[in-house]
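Please read through the structure below; I'll follow up with questions.
Please treat every number below as a calculation from the coordinates, not as lab data. Computed from a predicted structure; not experimentally measured. Here Cβ is always computed from backbone atoms with ideal geometry, including for glycine, and neighbour counts include all displayed protein chains.
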Amino acid sequence: MNNYVYLRLEKLTGEEAARHKVKADAKIPRLDMKGQTGYYEPLKAFMNPKGMIFFYVTGTDMINASNLRRTDVRLQSNGINLSSIYWMDAKSETELIGYGNPADVEYFKPKMKKRKDGTVAKVTEMRNPFYNNRKDGFMFLCKPDMSAMEMVIVLGGRYTMQSECRRYIDGEMDDVMKSLRDEARPIFNY
């Protein structure tokens, strides 16, 4: 159990979105962290001033990767790419199973940002909040419509994530998953 951190991410209900002034039914899906088991230091980089942690499910058209390593989906927030999601071949109508990992570079390259007046400003490079955790791996269990997702962080599991997903598919992680789900607690009161 100590090798895992669990996150439950869900789309906000209309009432929750209105209460916290979040745009409901936006084009880019937003998943808020509604439950967590364990502590994972890099997540602090994603916490907004209200204490919420959320991610956007976006395409990967902006990712600089070869076609062999490109995916269709990634999670990002606050200008930081949490991970791309590589889907397993498991067939299920109710769940998509995937894996990913944090970037292993210490600093993200500076980006050019266009100002409203049309001029361009260089944004300074940013330290990767996952750099000290770059050997970790992520397993994603998603609803097909991306309205909810479970993320299991496997500490030190960067190079074993396909095996971890296969263990989940084969039912070898049922007890671990039940325990992680049962112990999950909210970090923000929605």
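Suppose each label sits 7 Å from its Cα in the direction of the beta carbon; what would the A148-K23 distance come out to in nanometres?
Taking the simple label geometry, A148 and K23 are separated by 2.6 nm.
What trypsin sites (Lys or Arg not before Pro) does segment 73-153 have in DSSP loop regions with at most 16 other beta carbons within 10 Å?
In loop regions of segment 73-153 (DSSP not H, G, I, E or B), the sparsely surrounded trypsin sites (Lys or Arg not before Pro) are K91, R115, K116, R134, K135.
To continue, here is another question. Calculated FRET efficiency, N189 and D117, Cβ-Cβ r, R0 30 Å, to nearest 0.05? Don't skip to the end; give the middle numbers.
Numbers: r = 41 Å, r/R0 = 1.35.
So the FRET efficiency works out to roughly 0.15.
Further question: In debye, nearest 20, what is the charge dipole magnitude of the chain about its Cα centre with +1 on Lys and Arg Cβ and -1 on Asp and Glu Cβ, if you could check?
In total the dipole reaches around 1140 debye.
Report, by chain and number, residues whose modeled amide H sits under 5 Å from the one on M146, excluding near sequence neighbours (fewer than 5 apart, same chain).
Under 5 Å from the amide H of M146: no residue qualifies.
Moving on. For the chain, take N as its residue count and report Rg(C-alpha) divided by 2.2 N^0.38 Å.
Dividing the Cα Rg of the chain by 2.2 N^0.38 Å gives 1.05.
Moving on. Under the Karplus relation 6.51 cos²θ - 1.76 cosθ + 1.60, θ = phi - 60°, what is the ordered set of whole-Hz ³J(HN,Hα) values for segment 136-145, x standing for Gly and Pro?
Karplus values, whole Hz, x for Gly and Pro: 7, x, 10, 10, 10, 10, 10, 6, x, 8.
Next question, about the same structure. Taking H placed 1.01 Å from N in the peptide plane, check which residues at least 5 places from L12 or on another chain put their amide H under 5 Å from its amide H.
D32
Okay, moving on. What does the convex hull of the Cα atoms of segment 86-177 come to per residue, in Å³, rounded to a whole number?
Taking the convex hull of the Cα positions in segment 86-177, it is 136 Å³ per residue.
Helix 174-183 versus the longest principal axis of the chain: what angle, 0 to 90°, nearest 10, using Cα atoms?
Tilt relative to the chain: about 60 degrees.
Next up: At a Förster radius of 35 Å, what calculated FRET efficiency corresponds to the Cβ-Cβ distance of D170 and R134, to the nearest 0.05? Intermediate values should be presented prior to the final figure.
Working: r = 28 Å, r/R0 = 0.79.
Efficiency, rounded to the nearest 0.05: 0.80.
Follow-up question, since we're still on this one. Please identify every one of the GluC sites (Glu not before Pro) in segment 98-190 that sits in a loop by DSSP and has no more than 13 other beta carbons within 10 Å of its own beta carbon.
On the way: sites: E106, E125, E150, E164, E172, E183; in loops: E106, E125, E172.
Passing sites in segment 98-190 are E106, E125, E172.
Between Y159, L31, S92, whose Cα lies farthest towards the positive end of the dipole of the chain when Lys and Arg beta carbons carry +1 and Asp and Glu beta carbons carry -1, centred on the Cα centre?
Among Y159, L31, S92, the one farthest towards the positive end of the dipole of the chain is L31.
Could you check the simple spin-label distance between E106 and T58, using points 7 Å along Cα→Cβ, in nm with one decimal?
2.6
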